Every structure is written in structure tokens, then in C-alpha cells.
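Asks: My questions all concern the structure below.
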Amino acid sequence: MAADATTTQNAGHRQGNRDGLWLLILWMVLSVIGCLLVALVLGPHLPPGAQSSSAASQQTDITVLATIATPVVVGVLLYFGWALAFWRQQPGDETDAAPIHGNTRVQVTWIIGTAAIVLSLAVYGTIELISPAGAGAGEGPQPIWKPAGTVTTSVTSWAPNTKNILQVQVIGQQWAWTFRYPQFGGFETTQLVLPVGQPVQFNVTSLDVTHGFWAYTLGVKADANPGVNNVAYTTPEHAGQFQVRCAELCGIWHGSMYDTGDVLSVASFLTWTQTAKTQLADVTKLLPPYALTYDPTTIPAGKINVALGLTSAGGGYYNPADPEQP
Amino acid sequence: MAIETQPESAQAPGGGDPGAAAKERNFWLRPGIHTAVIGAVIGYALGHWLGNFMTPSFVATGGGAPDSNDEAIVLGFAFLVLGWLIGLGVFDDLVRQMLGRPIRVTDHKANVGVAKYFRYTLDHKVVGIQYLVGMLIYFFTGGLLAIAIRTELLSPSYHVMSPTTYLEVVGEHGTMMMMMMTSVILGPFGNYLVPLMIGSKRVAFPRLEALSFWLTPCAFVILLSSFLLGGFPTGWTGYADLSIQAGEGMDAYAVAFGLMGVSIILAGFNIVVTIICYRAPGMRWSRLPMFVWAMLTTGFLLVLAAPVLVGGMYMIITDRTAQTAFFASQLGGSSYLYEDLFWFFGHPEVYILALPGFGIVSELIPVFTRKPLFGYKIAAAGMFGVAILSFFVWQHHLFDSGMDPDMRPLFMLTTELISIPTGFIYLVAMGTFWKAKLRLTVPMLFAIALFINFLFGGISGVLLSDVPADTTAHGSFFVMAHFHYTIMGGLIFAFFGGLYYWLPKVLGVTMNETLGKIHFWTMFIAFNSTFMPLFAVGMLGQPRRVWEYQANLQTLNDWVSISAFCLGGSMCIFIFNFVMSTVIWRKKAPRNPWNARGLEWQVSSPPPAENFEHIPVVLAGPYEYGDPDALPVADLHPPAGVISGALATATASTGTEA
């Protein structure tokens, strides 16, 4: 009887080892296949693409995270699938299973394993955050991670391929984006146009409520807060159009607060600035002097909006009794 | 032991005869839900009149409609709550005690039959069932709103609702669900089961517990009344300055959410004290069921985090009525202050929603694998780890907002660290499954589904915690899919698992198993079919809370909408099963249908009014399945003298320690 029990136990033990071995082999094979698929097949198609430096680094980052996550997902799904397939109650068997209260080795391995993955992810994320100038995220009024080799020497003039970084002010209001180019006479326009291959500094602010400036394929996202300048950097690397959307709920027309931006060659960009400067000269005269934030109560917003052809603006921030209301 | 003592005779300096029994009133004159409604209506009218009387020429800061008077609305709501509670009889005993008259709670005649569910009742089992029904009403109302949202999103431009209505619906859905989720497990299961699981005849603060429930119908009505006041355009997060600018509906949001905050503080406080102070002799910390551990950590989170929510809502209200400027940028306030306050509550809240789910599945798994819980201490440590870390991660909601960038690596690290204790829960489950004898009952199916759903929720959370990946994912449908995977895929699946598991105990009737399985499979498939594509939709550039999206995303959105309708259909199957099983079929449940070891299963179904005839003496842990040497979980009829002996020892040891 005792011998029988021992044999059964041993058989059970071996059975357990076999389960473990099979699980390990299957997990490794499926993980390798899964990781290769994610990294090589899915990776290049992952958003936000590679239109700018920050977008490209985000794409790499997302690919790396997805690849590391694959073995975890595969492991857990495989384990539960295995349990459902092989560790079921046999019909008529009302007995309990063999009790296991814990296993120090498994527990310690698990803790060390998860801690190692998590810490390496945090380190990698920090590197991906710092090296490409804040990863395109809004860094607030005092940015600490800037594109390599750039300084702001002048906010009134700009030439390509210098250390002086191109300034673009993004102004959110209910419910439109406008863009101001201080280095080209400070004109304000509804078109976002950028030169290819030049680092850009977005100065994002708002006139009324919190908006979220999201240049999707440029990999830039920065909240537009009233009275706050929120800085984000990127370097567009391919010419072409990109989407601009609002990523913070800002009122009823939040859903329609989108625009299409354009990345042009440097020469076309310079031509565009000259044209825009001339065309918008009348509007520029109405504008307050360029500043990083604006007090909306002192802006003749209505006149500017009419001159710019904006019809959607004019939310509750502007007092309905205000004669400037468009 | 002070548990059951009522003062033999109240001290009566003035009032009536202290020994006299309370006078019996006719049933329609006894305080109940009908008097509460009358009180609420009178209260609202009174408060509204008072507000208009005090500030007839008030103009809202945000420039809403010229005749809007936020003060009248807010005062109306405040008096509504007061009138509701007075009508319900919440203050009756307080007044009686002040007057030196006998209190009425011991009057069991008022608490018989179905009527007790419509009264301010101090029995934790009644409150648990009240909560269950209340939270189901919340859940299905929020669910209907979700169906409305998905109907609108069938088309990339607006076609069913106007943008205003759409935003109202989105905000109501989010707020209602978030309010409900904070108490959906702690309310029904926590209040009902914790005393049974720890071997107590009662909870620590029955009045607070009952009050915590009776505030939720008020919050529900006030939140829905926002539709009549023009809704609120801010979604459930209520960001300033939009919340300052918004019309009167915003007041309803702030009052309702704040009220729910008060309710969950009370509920959490009661649960924490009950668990710490009311355990039966022998119910050591090392024998506490995992569900009770989860309720303890959740209770701590509620007590510590919800006051910040209440404060934040109060500040919104004063900004809108009393001309303070906490958040109004134009007047020198800061919208960042609101964002910080909100998420300082909001992130622990996320774990308030996750931990009870973990607790329920940890309770179910040993029963249906027929094995002890693998790594009991690890499971408890995991819950505490999650709870503590959850207070140090809130700024990951603000990675793009323009907060101090220095803090980003730190908050990225703390956020990712949370996956370590969360991983413990997976380790515990997987260890328990090892070579088990799985019984695939309906509760077990829901428990397994939690681990699959939460896996995707957790993995997508790692992407969101990583600043570069978050730059794209933040504010998009990716986030939306992520938290629906963790909250609905985690908490709600656990809730249904718990419901199928404990309903035989709670109501003494068994749910139909075939319908339960149909409910599970339709829900599991429709849930994944609804939310999995939303990860892609978000990554492809669709922001949250928009009614207008790129035309090329329509196929995916339509797929999601149709799946969401199927999910709604699955809920109808549940409602049918629930109503039929509990009202019509009423198949009687045995005392212990799952052959579980938990203390709550050792008493009859439903449990007797006093829970236990005698305070039990707990002899062993609840998960000793398969161990032939394990003692029964408790001695329900301990020999006389054991309890008093244990108490004497406890008092003596406390005395020496002190």
C-alpha cells in the first residue's frame, strides 16, 4: 500500500516534470515566433510611423515594448490553456488535488524575473525619453531635454541649418488651432507648415480651456493650458501631410478640432513664410505683440478670428455680451 | 465584549420614560423610501428657493446662460440630500438619544419582509442586498448610455445625437460607471460577506454602512438630473477650466461625485474597522480569506484617497458659486491643481477598482481547483504593494500636460513597479492551477476570464506608463480600451463571478447554470470583440470623446459598435437569468453547493439573522483543500468559556504590551 502510494507519487512527480518541460519548450518556441513576428512584421507598421525624429523613436519604443510583452502574453495564455486542457476534474472524481502551499524557488524566480523586466523597461523608457528631446511630449515652460546642438539665439529671425531653433507657437482656442511664427514677423495663420530636416520648437498655449495639441504622425503631444507655455520638440524627417487633432476634451466641438499640417522642403517653406507674411499683414497688425502666453481679455479676438476666417471660435470664454464676439 | 450590548436604560435627563417602548406607528408613517422621496422634493424646493432668494442677480463665472444660478442649484441639491436623509429617518435615533428616549433600531417589527430593503436598516446583510440592486441599476443605466455612445460612433460624422448630447452622454456614462465601480464589490459583497467571513455577528459601524448606501441613490438621481440642466461637457474627469465655463449641469456632476466620495469614505472606514476589530477568535491575519484582505486594502485606499476627491469637487463648486479661484486660470487659479487633485484620487481609485476583483478570484480559484492558494503571503503582499504604490503614480496621467519634466522618469518607474505586485496575483493563480482538478463552473469561468482580460489591460498599461509610447497613446482610444480591459474585463468579470458564486448563500437560491454559461461565453466573446479593436483604433489616431473621426476608421468602429450591442444582449441574458432565478424559479440552494471551506459557507443559506448562533472559533485557514490533516475551518459551537477565555487572554496580553 505504502509502496503503491510512493509509486503513484513518483509517477505524479514525473508527470509534473513532463508538464513543466512541455510548457517550457512550447513557451520558448511560441515566444520566439511571436517576438519575431511582432518585431519584424508588425513593428515597421506600428504608429506613429517615422515622419519625424520623435515619431521614429516612439515607433522603436513601442516595438520594443510590444516585443518584450509577447513572451509574457504567450506564457500566461499558454499556461491557462494548458490547465484548461489537461488539468480538469475527471468525471466522477470528487476528490481534491494534491495540496501545494507554495514553492520558494518558483516564487523567488518569479519576483526576480518580473523585477528585472520592469526595471529594464523603466531604464529603456528613460533613455528613449531623454535622448530624442523629450520624446515629443510637452515639457512645460522650462524644458530640460532639447534637440542636440540647438539653442534659441533669436526669436525674431531664423535661417535653416543653424543652431537657432525654429519657433512655432501653437494656440488652442474653442475650437480651432492657430499657429504663430515669431521668427517671420509674428504672423498668425490657420495652416501648420514645417520645413523638413530642421528641429522645431512648439510653444503650445491656450486662450480658454485646456486643449491637447496632437500632431499624430509627427509624434508630438502637448497640452495647451491657458496662461502656460508648454514646449515640445521634434525634427520632421519626411515631407508630407500630417494630422493635427485635439487630445483633451475641450467642449462640444472638440471632435471637429482638427487640421492638416504640411512638411515642406526648406526652400518651399521659406517661400511659404514670405507669402503668408505678406498675405496676413493686415491680421498681424491686430495681433498683440508675440509672447509665450496671452491674456485673452486683452486680445481683440473677434476681429482676429474674422480676419483669419475662423467661424468655429467663440466658446463661452468670450463673454456673450462682448462686442468682439464673431 | 461590547459587540451586542445595548444600554439597558438610556439616561433621561428630560424626555419621556426611559423604559418605555417606542410607540408603534402605522407602516406608511414609518420612515422609509416614500418619506425620503417626500423629504428630498421638499428639500430641493426649499434649497432652490433659498439660493435664488440670497443671490437673485448671480451670474455664473463661466458665462453660462444669463439666468443660470449655480447657487440655487447647489443649495437645492444640498437640501435635497438633507431632506432625503431626514425622510429616511437617519437622524431619528440621534434626536431620540438627545431627548433621552428609547431608540428605535432594535424595533424589529419595522424590519420584516421586503419592506426592510426600502428602509434605513442596520443589518449588514440587508445593506449588502440593497447595494447589490442599487449597483446593478447604476451599471445597467451606464451600460445603456454606452450603447448610445456606440450608436453615435457607427458613423464618422454626427448622425444620431448633436455634439452637445453626445458629450452629455459620454460624461454621464463615464461618471456613472466610475461612481458605481468604486462600490460595486465593496458595497454588496464586502458589506454582506466580510462579517460572515471573519466570524462576526455585525459590522463595526452599521449606521455609517447604511448611510453609505443611502447616499448612492441620491448621487444617482443628482447625476442623472444633469441631463435636465444641460449636461456637463467635461467627461468624467471634469477638467478645469472647462468645468468652470460649463453650465448648470456641471453642478450636478460635482455634487453627485462628491456625494459618492462621502459614501465611499464611510463604507471604507466601516470595512477597515470591522476587519481589524471584529475577527472571531482564531481568525489570525494568516487565516484571513483573500477577499477580506482585498476589502481591507480597498478600504484603506477609499479612506485615504476619496477625501481628495471630495475636496476637489468642493473646490469646483465654490469656484462656480462662491467666486473662489482655485482652478480658474483667468483669475489666477491653476488647472494643474485640479489635475493633480483629481488624479491623486483617481489613480488610487483605479486600484480601488482592481483589488476587489483580485480578491474575488483569489477566493474562487482554490475552491474550483480543489487546491490550497499558492503563496498565500505573496497574494496578501501583492495587494498591499499595489495599494501603497498606487499613491505614487498619479502624474503618469499628466505626462504631456506640461508638468515638471524632471519627475517623468520617476513616475515612469513607480508606475512600472506596480506590475511587480500585480504579477504576484498572477503567480498565485498560476501556482494554484498547477496540476489542479479544475471544475469549470460559471464562477470559475469568470475568474479565468479575469486573468485573460487583465493580462491585456496590464500589458497595455505598461505601454501607457512609458512616456515615449504614451505620447502617442495618451488621450486616444488606446487608453479607453486599456481601462475598459482592466475595469470591465477585471472588476466586472470578477463581480459576475462573485455573484454566481455567492448568490446561493446570499439569497438562498441558485442561478440557472446553463443560462449562466451562455451569459459568460457571450459576454467574454463580445467584450473582447468590442475592446480589442479599440487598441488599434486608438493607435491609429482616434482621440477619446469625439463624435467625428477619420473615415478610414469606420470599419473598425462599426465592428466595435456591433460587438457592443452584442455585449448589451449578453447583459440581457444575465438580467433574465437573475430575475427568473431569484423571483420565479427560486431553486433552493444547499448550505454549501460548491463544497467550499470558507467560513461563510458553514452557516445556512441564507444566513440566519444573527449570522452565527455563537461566535465561532476559527481553527484553520480557508484554503486547506486536499490536505487530509487539515482541521475544519471553524468550530461553530465552541465549548462555553472558550470565547471568554480567548478574550481574557487577548485583554491580558494587550494590557501587558501597553
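Asks: Within the stretch A:178-188, identify whether any single residue is over 30 Å from A:Q279 (Cβ atoms) and either within 14 Å of chain B (Cβ to nearest Cβ) or in contact (Cβ under 8 Å) with a residue 12 or more places away in the chain (or both), and answer yes or no. I'd like the intermediate steps shown before the answer.
Replies: To start, the set of residues in the stretch A:178-188 that are over 30 Å from A:Q279 (Cβ atoms) comprises none.
No, the stretch A:178-188 has no match at all.
Asks: Among what's in the stretch A:239-264 and is among the hydroxyl-bearing types (S, T, Y) and within 20 Å of the chain's Cα centre (by Cα), pick the residue that is surrounded by the most Cβ atoms within 10 Å (Cβ to Cβ).
Replies: Applying the first criterion (among the hydroxyl-bearing types (S, T, Y)) to the stretch A:239-264 yields A:256, A:258, A:260.
With the extra rule that they be within 20 Å of the chain's Cα centre (by Cα), the set shrinks to A:258, A:260.
Numbers: A:Y258: 21, A:T260: 10.
Once the filter is applied, the top-ranked residue is A:Y258.
Asks: In addition: Going through the stretch B:185-199 one residue at a time, which ones are out of contact with any Leu (no Cβ under 7 Å at 6 or more places or on another chain) and more than 13 Å from B:M295 (Cβ to Cβ)?
Replies: none
Asks: Any idea how many residues of the stretch B:603-627 are within 27 Å of the chain's Cα centre (by Cα) and within 18 Å of A:A98 (Cα to Cα)?
Replies: Final tally of qualifying residues: 2.
Asks: Does B:T324 count as farther than 27 Å from B:L491 by Cβ and in a loop (DSSP other than H, G, I, E, B)?
Replies: Working: farther than 27 Å from B:L491 by Cβ: yes; in a loop (DSSP other than H, G, I, E, B): yes.
The answer is yes for B:T324.
Asks: Report, by residue number, each residue of the stretch A:265-282 that is within 33 Å of the chain's Cα centre (by Cα) and of a type in the set (D, E, K, R).
Replies: Passing the criteria: only A:K277.
Asks: Can you report the number of residues in the stretch B:514-572 which are more than 11 Å from every other protein chain (Cβ to nearest Cβ) and of a type outside the set (A, V, I, L, M, F, W, C)?
Replies: The qualifying residues number 19.
Asks: A further question follows. Take the stretch B:461-514 and flag every residue that is among the β-branched types (V, I, T) and out of contact with any Asp or Glu (no Cβ under 7 Å at 6 or more places or on another chain). Don't jump to the end; show me each part of the working.
Replies: Quick first cut of the stretch B:461-514, residues among the β-branched types (V, I, T) only: B:462, B:467, B:471-472, B:479, B:486-487, B:492, B:506, B:509-510, B:514.
Matches in the stretch B:461-514: B:V467, B:T472, B:V479, B:T486, B:I487, B:I492, B:V506, B:V509, B:T510, B:T514.
Asks: State whether one or more residues within the stretch A:210-227 are away from every other protein chain (no Cβ under 11 Å), touching a Ser or Thr at 6+ places or on another chain (Cβ under 6 Å) and not small (G, A, S). Please lay out each step first, then the result.
Replies: Our first condition is that a residue be away from every other protein chain (no Cβ under 11 Å); within the stretch A:210-227, this holds for none.
The answer is no; no qualifying residue exists.
Asks: Continuing with the same structure: With the requirement that a residue be part of a loop (DSSP other than H, G, I, E, B) and of a type in the set (K, R), what does the stretch A:153-211 give you?
Replies: A:K163
Asks: Note down all Cβ pairs under 7 Å where the first residue falls in the stretch A:149-174 and is at positive phi, the second is basic (K, R), and they're at least six residues apart or on different chains.
Replies: Final answer for the pair search is A:G149/A:K163.
Asks: Another question, then. Whether any residue in the stretch A:113-126 is aromatic (F, W, Y), in a helix (DSSP H, G or I) and in contact (Cβ under 8 Å) with a residue 60 or more places away in the chain is what I want to check.
Replies: First, the residues of the stretch A:113-126 that are aromatic (F, W, Y): A:124.
Still in the list and also in a helix (DSSP H, G or I): A:124.
Of the ones still in play, those that are also in contact (Cβ under 8 Å) with a residue 60 or more places away in the chain are A:124.
The answer is yes, given that some residue of the stretch A:113-126 is aromatic (F, W, Y), in a helix (DSSP H, G or I) and in contact (Cβ under 8 Å) with a residue 60 or more places away in the chain.
Asks: Of B:F91, B:F118, B:F140, which residue is surrounded by fewer than 17 Cβ atoms within 10 Å (Cβ to Cβ), of a type in the set (F, W, Y), without any contact (Cβ under 8 Å) to a residue 12 or more places away in the chain and over 25 Å from A:G251 (Cβ atoms)?
Replies: Details: B:F118 fails: without any contact (Cβ under 8 Å) to a residue 12 or more places away in the chain; B:F140 fails: without any contact (Cβ under 8 Å) to a residue 12 or more places away in the chain.
Exactly one residue qualifies, and that residue is B:F91.
Asks: Condition (residue is more than 13 Å from every other protein chain (Cβ to nearest Cβ) and either touching a strand residue (DSSP E or B) at 6+ places or on another chain (Cβ under 8 Å) or among the small types (G, A, S) (or both)) applied to the stretch B:368-390: is it met by at least one residue?
Replies: Scanning the stretch B:368-390 turns up at least one residue that is more than 13 Å from every other protein chain (Cβ to nearest Cβ) and either touching a strand residue (DSSP E or B) at 6+ places or on another chain (Cβ under 8 Å) or among the small types (G, A, S) (or both).
This table checks each residue for (1) of a type outside the set (D, E, K, R); (2) in a loop (DSSP other than H, G, I, E, B); (3) at the interface with another protein chain (Cβ under 7 Å from one of its Cβ atoms); (4) over 19 Å from B:G375 (Cβ atoms).
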{"residue": "A:R105", "(1), (2), (3), (4)": "no, no, no, no"}
{"residue": "A:V108", "(1), (2), (3), (4)": "yes, no, no, no"}
{"residue": "A:E128", "(1), (2), (3), (4)": "no, no, yes, yes"}
{"residue": "A:G140", "(1), (2), (3), (4)": "yes, yes, yes, yes"}
{"residue": "A:K146", "(1), (2), (3), (4)": "no, yes, no, yes"}
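Asks: Does B:S401 satisfy the condition of being of a type in the set (S, T, N, Q), in the same structural domain as B:M135 (by TED's automatic domain parsing) and not in a helix (DSSP H, G or I)?
Replies: Working: of a type in the set (S, T, N, Q): yes; in the same structural domain as B:M135 (by TED's automatic domain parsing): yes; not in a helix (DSSP H, G or I): yes.
Criteria met by B:S401.
Asks: Restricting to the stretch B:329-351, name every residue that is surrounded by fewer than 21 Cβ atoms within 10 Å (Cβ to Cβ) and among the polar types (S, T, N, Q).
Replies: Answer for the stretch B:329-351, where residues must be surrounded by fewer than 21 Cβ atoms within 10 Å (Cβ to Cβ) and among the polar types (S, T, N, Q): B:Q330, B:S334.
Asks: For A:Q173, work out the one condition from (1) at the interface with another protein chain (Cβ under 8 Å from one of its Cβ atoms); (2) touching a Leu at 6+ places or on another chain (Cβ under 7 Å) it doesn't fulfil.
Replies: Result: A:Q173 passes all but (1).
Asks: Give the number of residues within the stretch A:245-277 that are at pLDDT below 90 and farther than 21 Å from A:P48 by Cβ.
Replies: The number of residues fulfilling the criteria is 5.
Asks: Taking the stated definitions as given, is B:K505 in a helix (DSSP H, G or I) and surrounded by fewer than 24 Cβ atoms within 10 Å (Cβ to Cβ)?
Replies: Numbers: in a helix (DSSP H, G or I): yes; surrounded by fewer than 24 Cβ atoms within 10 Å (Cβ to Cβ): no.
Considered against the rule, which asks whether it is in a helix (DSSP H, G or I) and surrounded by fewer than 24 Cβ atoms within 10 Å (Cβ to Cβ), B:K505 comes out as no.
Asks: Something else about it: Considering only residues that are in contact with a Pro (Cβ under 8 Å, 6 or more places away or on another chain) and not aliphatic (A, V, I, L, M), look in the stretch B:564-593 and name the one that is nearest to B:F495 (Cα to Cα).
Replies: Filtering the stretch B:564-593 for residues in contact with a Pro (Cβ under 8 Å, 6 or more places away or on another chain) gives B:589-590, B:593.
Next, only the ones that are not aliphatic (A, V, I, L, M) stay: B:590, B:593.
Numbers: B:P590: 22, B:P593: 19 Å.
My answer is B:P593.
Asks: Kindly check whether there is at least one residue in the stretch A:77-85 that is facing chain B (nearest Cβ under 7 Å) and farther than 23 Å from A:W22 by Cα.
Replies: no
Asks: Would you mind finding the one in B:A267, B:A252, B:A256, B:A280 that is touching a strand residue (DSSP E or B) at 6+ places or on another chain (Cβ under 8 Å), away from chain A (no Cβ under 14 Å) and in contact (Cβ under 8 Å) with a residue 24 or more places away in the chain? Please lay out each step first, then the result.
Replies: Values: B:A267 fails: touching a strand residue (DSSP E or B) at 6+ places or on another chain (Cβ under 8 Å); B:A252 fails: touching a strand residue (DSSP E or B) at 6+ places or on another chain (Cβ under 8 Å); B:A256 fails: touching a strand residue (DSSP E or B) at 6+ places or on another chain (Cβ under 8 Å).
Answer to the selection: B:A280.
Asks: Residues in the stretch B:404-458 that are outside any helix (DSSP H, G or I) and either more than 25 Å from the chain's Cα centre (by Cα) or within 7 Å of chain A (Cβ to nearest Cβ) (or both): how many? Let's see the steps before the verdict.
Replies: Keep residues of the stretch B:404-458 that are outside any helix (DSSP H, G or I), which gives B:404, B:418, B:434-441.
Imposing the further condition that a residue be either more than 25 Å from the chain's Cα centre (by Cα) or within 7 Å of chain A (Cβ to nearest Cβ) (or both) reduces the set to B:404, B:434-441.
Going through the stretch B:404-458 one residue at a time, the tally reaches 9.
Asks: Could you tell me whether any residue of the stretch A:225-235 is surrounded by fewer than 24 Cβ atoms within 10 Å (Cβ to Cβ), without any contact (Cβ under 8 Å) to a residue 60 or more places away in the chain and of a type in the set (A, V, I, L, M)?
Replies: no
The values are calculated or read from the model by the stated rules, or taken from the named source; none is laboratory data. This one's a predicted model, so the numbers in the text were calculated from it and none came from an experiment. Cβ: placed from backbone, ideal geometry, glycine included. Neighbour counts: every protein chain shown.
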